[in-house]
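Here's the structure, in structure tokens; my notes come after.
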Amino acid sequence: VQRDLAQVVTAAERATRLTHQLLAFARREVVQPAVIDLNDVVTGLDELLHRTLGEHVTLHTHLGERLWPVLADPGQLEQVLVNLAVNARDALAAGGSLSIDTDNVEVDEFYAVARPELTPGRYVSLKVSDTGTGMPREVIERAFEPFFTTKGPGDGTGLGLATVYGIVSQAGGRVEIYSETGLGTTVAVLLPATEQPAVAAQPVRAELPIGAQLTVLVVEDEPALREVARRILTRAGHRVLVAEDGPRAIELARHHESAIDLLLTDVVMPRMLGNEVAEHVQELHPEIHVLFMSGYAQPALGPELRIDPQAALIDKPFSAATLLAAISGVFEARARLPHGSA
Ligand SMILES: Nc1ncnc2c1ncn2[C@@H]1O[C@H](COP(=O)(O)OP(=O)(O)O)[C@@H](O)[C@H]1O
Ligand SMILES: [Mg+2]
């Protein structure tokens, strides 16, 4: 039974990662360039790519060491990679392999002179190569055209490579196709390196002082999730109050004489939304810390549902370790703020 349960847990964790990747991928945002390491984008999509490719395709990744940072929107680079992988999968119906390579490339005068988009300098390259059907010359020539597709209706939109071209050009880079029918295809992307240093994507995790016992008010309309949160917190030694909706949470907060350290609340709930619950509870317990939990990527929420971008937010579903780390993070962040500015 324990082995079966372990598999259930593994499957749930995989589903969680996949959900987050899909949410991140589905975000429709204005371009937000950031200084990023292309390797992080490739690594972050690993799970999604394996799923996309299926079992008959072997995925090899070769990540160049100490890549120069690039200035680009990470969501858009994910889209580039996914579009290229989906094309490779379609070309690999009979099986084969897909390689993703990243590297630093120095473009010299000689190379740049034949390519008007490029100026000599430092670039980071992303190569996506498959051992699939390959493309005849007349297809290569038109492949970047919007709506050009050789696939049947319902299978192809003809927008995959056009999107890649748009994103790469906008980032000041260049994309080229090398393909041989019967052998395979390489799509090579060059992105200009930036001088700015990359910032770490992950916030530093802090631990709560050992033995710290908190009183936590959990507000969640989904009974299973409410129970999971309650159990995680109780096991970690905290005192837990649970409410199934906002009005009930406010009632509990009003009648709770001693301090409540943390409000852990869902964002989207019937009767009252998370941000309203937080407002009311903060009036009753001004010192309370707030951690929102949401099953939606922020931009997917309508403006009335959005919470303060400064507010702490944890994505659902979460593991015990993630929840406890997020709670530590909330207390850490608060401790660093001067009084009165929280
Ligand atoms: N890796 C590849 N191998 C073989 N052919 C490809 C590959 N990538 C793209 N193509 C060809 O280029 C065409 C355009 O690709 P794309 O713009 O992604 O549109 P779609 O995939 O929807 O057809 C495809 O229909 C296909 O003929
Ligand atoms: Mg495509």
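The values are calculated or read from the model by the stated rules, or taken from the named source; none is laboratory data. All values derive from a computational prediction rather than experimental measurement. Backbone-built Cβ (ideal geometry, glycine too); neighbour counts: all protein chains shown. What goes into the accessible areas is simple: the full protein's heavy atoms, side chains included, and nothing from ligands, DNA or RNA. Shrake-Rupley method; radii C 1.70, N 1.55, O 1.52, S 1.80 Å.
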Send over a whole-number figure in Å² for the accessible area per residue of the stretch 30-130, probe 1.4 Å. 50
From phi via Karplus (6.51, -1.76, 1.60), per-residue ³J(HN,Hα) for the stretch 232-248 in Hz, x at Gly/Pro: 4, 5, 5, 4, 7, x, 8, 8, 10, 10, 10, 9, 8, 7, x, x, 5
Between Gly96 and residues 5 or more places away or on another chain, which pairs have amide H atoms under 5 Å apart, with H built 1.01 Å from N, and which residues are they? Thr58
Give the carbon-plus-sulfur fraction of the accessible surface of the stretch 26-141 in %, rounded to a whole number; probe 1.4 Å, heavy atoms of protein chains only. 50
Rounded to the nearest 10 Å², the accessible area of Tyr111 using a 1.4 Å probe with every protein chain kept is 80
Under-5 Å amide H pairs with Met293, H placed in peptide plane, nonlocal only: Thr265, Asp266, Val267, Ile314
With r defined as the distance between the Cβ atoms of Phe147 and Asp245 and R0 fixed at 35 Å, what FRET efficiency is calculated, to the nearest 0.05? 0.15
With a Förster distance of 35 angstrom and the Cβ-Cβ distance between Glu332 and Thr58, calculated FRET efficiency to the nearest 0.05 equals 0.25
Using 0.36 nm times the number of residues separating Asp4 and Leu159, minus their current alpha carbon distance, what extension gain do you get? 51.5 nm
Would you mind pulling out the separation of the Cα centroids of the stretch 239-279 and the stretch 32-94, in Å? 41
Rounded to one decimal in nm, the spacing of the 7 Å Cα→Cβ label points at Asp46 and Ser319 is 1.3
